[in-house]
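Visitor: Take a look at the following structure, please.
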Amino acid sequence: MTVRATYGEAIRLGFEYLMERYSNVFCIGQGLWSPWYVGNSMTDLDHKFGRHRVIDTPVSELACTGAAVGASLCGYRAIVIHPRMDFMVLAADPIINQAAKWSHMLGGQAAPAVTVRAIINRGGEQGAQHSQALHSWFAHIPGLRVVMPATVQDARDLLISAVLCDDPVMYIDDRWLYDLSEDLPDVVERDLRSEKPRVLRSGKDVTLVGSSYSTLLCQQAAVELEKQGIDAEVIDLRVLNPLDTTSVVESVAKTGRLVAVDGGWRTAGLAGEVIARVSESLGRFKSRPIRVTLPDAPAPTSKPLEAIYYPDSQRVIEAVQETLAVAR
Amino acid sequence: MTDVSVTRASDLGGLANPARPLSPIDVGAYDDATLRHFLTLLFRIRFAEEKVGELVERGLAKAPCHLGIGQEAVAVGVSAALNARDRVFGGHRSHSHYLALGGDVYKLLAEVLGKLDGTSRGMGGSMHLYGRELGFYGSVPLVGATIPLAVGAGIAAQMEGQGAVGVCYFGDGATEEGVFHESMNLASAMRLPVLFVCENNLFSSHLDINLRQPSDRIGRYGDAHVVNTRSVDGNDTVAVAKAANELVTHARNGGGPGLLEAVTFRHRGHVGPKEDIDVGVRRRQSDIDAWKRVDPIPRLISALRDANRMTAGEIAQLEQSVRKEIDEAATRAEAAAYPEERALLDLVYIGGASK
């Protein structure tokens, strides 16, 4: 039976699925009893499952994240929610030094099955400390799985896979995707270890690679490009760490052209990683790969600056046109 | 050595002064078997750490080894209040915390040498110990890092409702980390069953507490966070055990977290086997000598003999048998195998290889 849901509602469906079936799942974070911190993604979960399982907390990202890690070493599957990723930086130690390291440094005997939910919440003149997309940072850390749903179904299903995974997982959702809507099939639990990037649209002329909101930009660009007679293949990365670019390499082997789109910064970022991996595997391209990213600058607050800061689908289209300017 | 004179009076008073008049340890509340167990553990921790020091001096252990020689009574006393359902977390100086819960000397020494038979299968070394079957959930060297993990163990224990507690050990330096205060506040606000154990040895790696804090009494933070607090002589095994038991019992019964400040002193430097005063600002040989006068092991031995609980012969025999155990464990550990090369990538994720 399918159900119509938005991206935000799908996240909530994921929480509901998990908390109904797994008594060892609980949520902890700031603003979980408030209607506005996390959009419509957790509405009334505290009333449905009790405030002992949906814990609103003191203003202590570090201790609350550490506590989620600790509880997850004791048989629980804690989900710690950070309504803005920028604030999560205060909790770097339990995520990077602890959760990601315990399996390796303790000989594979213990790892916290914790899910760190980080929300990208930007735009609207919020500026440098209310806008960051730090997924590339965390994808750099061995031992931490990082997922970024771009679709409504993944918003629900990757959350479920993340929480049921025995490793620590960072689940990153983007408020700019909350109004997407889709018919969802029943949940099928999937092992996160076998979740890979997915080809959302096949095409022969150029490969567009994105994740989260950048995947949407790639899809929007592909629709426009089709009108211009350009057949773009769109790949959604979905799982940023461990990153498996097999399908991207296969795609570029076919199209010969690559545009990597990312909502993070340019230097040492995800788009650069994708291009590097494809370049290591393929000796020849029809034209040089291009990345579309944020400029290497903090998010501005001023309207005209913000307007040029975030890439849109037009920027992706222009990048594709640039790759095609070289003779086919 | 920089010498900085500190004129402020100690808020800890006698607890921070090894030249204070000592009252004898009162062993009256414990039976012979328990007291013998205490002494066995004190011997085991002391001799095991001396052995670790030898392994470092011989160049066999290269990783940083932080010895707690002189501080053994804290872990022995705290562990007396715990059972295997409790969850205990340590820090960089945690050999004693592991051994006091019944940890195996061979596994400890094998880990220090990076061997497969070690507590962490040779992947951790001295600073990353593990012994879940004992209730030892792990130790890591990031200062203060396990404090919120123990709070999480307290959340787990509260949800289970079986009376378990989360425990973390840390030093006085860790109380200068913000995470300590966030964690105390969170545990107190949620009335979680957590025991915070501060081994106040009056020094961070190198700096005297009086050069870092406006008071040397860590117990004052208990007032700020409304946490039940005891500050005790950390070189008196019995005093530690009694205070830990009070706080743990209270936490098990829903009374919220406890802070135990055990005032002690490490005989050796911050890291490595030497009684290094050079890395210590204001750490003098005369201080070390003075603190050896209040060494927890001779103090417990005197009390046992004065109370006719153990004879000199029994004590000597016990000491000899523990030394033999340590020597045999070290010989085995030196001969043990290292992890296989594939461990490097296979253990990144708990479920096996990374892809």
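Visitor: For the pairing of chain B with chain A, what total accessible surface becomes buried, with a 1.4 angstrom probe, in square angstrom to the nearest 100?
Guide: Details: alone 15260 and 13980 Å², together 25770 Å².
Interface area, both chains combined: 3500 Å², rounded to the nearest 100.
Visitor: OK, next. Of the accessible area of segment A:3-194, with the probe set at 1.4 angstrom, what percent is carbon plus sulfur? Walk me through the numbers on the way to the answer.
Guide: On the way: 3180 of 6140 Å².
For segment A:3-194, the apolar C and S fraction of the accessible surface comes to 52 percent.
Visitor: Let me know the shape class of segment B:29-337, please: from the alpha-carbon gyration tensor, a ≥ b ≥ c as square roots of the eigenvalues, rounded when a/c is under 1.5, otherwise prolate if a/b is greater than b/c, or oblate.
Guide: On the way: a/c = 1.29, a/b = 1.27, b/c = 1.02.
Judged from the Cα gyration tensor, segment B:29-337 comes out rounded (a/c under 1.5).
Visitor: In square angstrom, what is the accessible area per residue of segment A:3-194 with a 1.4 angstrom probe?
Guide: Numbers: 6140 Å² over 192 residues.
Here the residues of segment A:3-194 average 32 Å² of exposed surface.
Visitor: Another question about this same structure. With a sphere of radius 12 Å drawn around the Cβ of A:THR293, what net charge do the other residues whose Cβ falls strictly inside it have (Lys, Arg +1; Asp, Glu -1)? Walk me through the numbers on the way to the answer.
Guide: Details: positive: A:ARG266, A:ARG291, A:ARG315; negative: A:ASP262, A:GLU273, A:ASP296.
Every neighbour counted, the sum reads 0.
Visitor: May I pose another question? Calculate the length of the line joining the C-alpha centroid of segment B:24-86 to that of segment A:208-237, in whole Å.
Guide: 63 Å
Visitor: Further question: Among the residues of segment B:316-355, which ones have their accessible area go down by 30 Å² or more when all the protein chains sit together, as opposed to their chain alone (1.4 Å probe)?
Guide: Flagged in segment B:316-355: B:LEU347, B:VAL348, B:TYR349, B:ILE350, B:GLY351, B:LYS355.
Visitor: Sorting A:HIS140, A:HIS135 by accessible area (1.4 Å probe), largest first, what list results?
Guide: Working: A:HIS140 145, A:HIS135 5 Å².
Largest accessible area first, the list is A:HIS140, A:HIS135.
Visitor: Can you list the residues of segment A:77-120 that have at least 40 square angstrom less accessible area with all protein chains present than in their chain by itself, probe 1.4 Å?
Guide: A:GLN98, A:TRP102, A:SER103, A:HIS104, A:MET105, A:LEU106, A:GLY107, A:GLN109
Visitor: Please check: in the Gaussian network model of chain A (C-alpha springs, under 10 Å), which one of A:PRO304, A:PRO197, A:PRO112 has the largest mean-square fluctuation.
Guide: Between A:PRO304, A:PRO197, A:PRO112, it is A:PRO304 that shows the largest mean-square fluctuation.
Visitor: Counting partner chain Cβ atoms within 10 Å of every residue's Cβ in A:48-60, what's the average?
Guide: On the way: counts 0, 0, 0, 0, 4, 1, 0, 3, 0, 4, 6, 2, 10.
Partner-chain Cβ atoms within 10 Å, mean over residues of A:48-60: 2.
Visitor: According to a simple spin-label model (label point 7 Å from Cα along Cα-to-Cβ), what is the distance in nm between B:LYS62 and A:HIS52?
Guide: For A:HIS52 paired with B:LYS62, the spin-label model returns 5.1 nm.
Visitor: Separate question: Report, to the nearest whole %, how much of the accessible area of segment B:29-337 belongs to carbon and sulfur atoms, 1.4 Å probe, protein only. It would help to have the intermediate numbers written out before the result.
Guide: Working: 4980 of 10350 Å².
Within segment B:29-337, the accessible surface is 48 percent carbon and sulfur.
Visitor: Counting partner chain Cβ atoms within 10 Å of every residue's Cβ in B:37-49, what's the average? Could the numbers behind the result be given before it?
Guide: Working: counts 0, 0, 0, 0, 0, 0, 0, 0, 0, 0, 0, 0, 0.
Per-residue shielding by partner chains comes out at 0.
Visitor: Let me spell out the model: positive unit charges on the Cβ of Lys and Arg, negative unit charges on the Cβ of Asp and Glu, origin at the Cα centre of segment A:198-325. What dipole size does that give, in debye rounded to 20? Each step should come with its number before you reach the end.
Guide: Working: 15 positive and 16 negative charges, 41 e Å.
Using only the charged Cβ atoms, the result is roughly 200 debye.
Visitor: How much net charge surrounds A:ILE141 when only other residues with a Cβ under 13 Å from its Cβ are counted (Lys, Arg +1; Asp, Glu -1)?
Guide: On the way: positive: A:LYS101, A:ARG145; negative: A:ASP93, A:ASP167.
Computed value for this residue: 0.
Visitor: Additional query: How far apart, in nm, are two points set 7 Å out from the Cα along the Cα-to-Cβ line at B:LEU344 and at A:ASP166?
Guide: 2.4 nm
Visitor: Pairs A:LYS101/B:LYS51; A:LYS101/B:LYS324; A:LYS227/A:LYS254; A:LYS204/A:LYS303; A:LYS196/A:LYS254; A:LYS101/A:LYS196: which are spaced more than 26 Å apart, C-alpha to C-alpha? It would help to have the intermediate numbers written out before the result.
Guide: Working: A:LYS101/B:LYS51 28 Å; A:LYS101/B:LYS324 36 Å; A:LYS227/A:LYS254 21 Å; A:LYS204/A:LYS303 38 Å; A:LYS196/A:LYS254 19 Å; A:LYS101/A:LYS196 23 Å.
Correct reply: A:LYS101/B:LYS51; A:LYS101/B:LYS324; A:LYS204/A:LYS303.
Visitor: For chain A, find the longest principal axis of its Cα atoms and tell me its angle to the long axis of helix A:7-21, 0 to 90°, nearest 10.
Guide: It works out to around 40 degrees.
Visitor: Ok, one more. Loop-only chymotrypsin sites (Phe, Trp or Tyr not before Pro) in segment A:24-106, please: DSSP not H, G, I, E or B, and at most 16 other Cβ atoms within 10 Å.
Guide: Values: sites: A:PHE26, A:TRP33, A:TRP36, A:TYR37, A:PHE49, A:TYR76, A:PHE87, A:TRP102; in loops: A:TRP33, A:TRP36, A:TYR37, A:TYR76.
Answer in residue order: A:TRP33, A:TRP36.
Visitor: For segment A:198-325, what is the accessible area per residue in Å² when the probe is 1.4 Å? Before the final figure, lay out the partial values.
Guide: Working: 5390 Å² over 128 residues.
Heavy-atom SASA per residue in segment A:198-325 reads 42 Å².
Visitor: Something else now. For the pair B:ASN83 and B:SER215, how long in nm is the line joining their label points, each one 7 Å along Cα→Cβ?
Guide: 3.6 nm
Visitor: If you roll a 1.4 Å probe over the heavy atoms of the protein chains, what accessible area per residue do you get for segment B:20-152, in Å²?
Guide: Details: 3990 Å² over 133 residues.
With the other protein chains kept in place, segment B:20-152 gives 30 Å² per residue.
Visitor: Right, something else. Just B:LEU300, B:LEU82, B:LEU211 to compare: in a GNM of chain B, with alpha carbon springs under 10 Å, which one fluctuates most?
Guide: Comparing B:LEU300, B:LEU82, B:LEU211 in the GNM, the peak value goes to B:LEU211.
Visitor: Taking chain B as a Gaussian network, where each spring joins two C-alpha atoms under 10 Å apart, which residue of B:SER183, B:SER126, B:SER321 fluctuates the most?
Guide: Greatest mean-square fluctuation among the candidates belongs to B:SER321.
Visitor: Then there's this: Any chance you could check segment B:141-174 for residues losing 40 Å² or more of accessible area when the partner protein chains are in, compared with the chain on its own (1.4 Å probe)?
Guide: Residues meeting the cut-off: B:LEU142, B:PRO148, B:LEU149, B:ILE155, B:MET159.
Visitor: Could I ask something else about it? Of all accessible surface on segment A:253-328 at a 1.4 Å probe, what whole percent is carbon and sulfur? Intermediate results must be reported in sequence, preceding the final value.
Guide: Values: 2140 of 3960 Å².
Exposed carbon and sulfur together represent 54 percent of the surface.
Visitor: Restricting to DSSP H runs of at least four residues, report the calculated mean residue ellipticity at 222 nm for chain B, -39500 (n - 2.57) per run over all residues, nearest 500 deg cm²/dmol.
Guide: Values: 12 runs with 143 residues, N = 355.
It lands at -12500 deg cm²/dmol.
The values are calculated or read from the model by the stated rules, or taken from the named source; none is laboratory data. No experiment lies behind these values; they were computed from the predicted model shown. Glycine gets a Cβ as well: all are built from the backbone with ideal geometry, and neighbour counts include every protein chain shown. Ligands, DNA and RNA are excluded from the accessible area calculation, which covers all protein heavy atoms including side chains. Shrake-Rupley method; radii C 1.70, N 1.55, O 1.52, S 1.80 Å.
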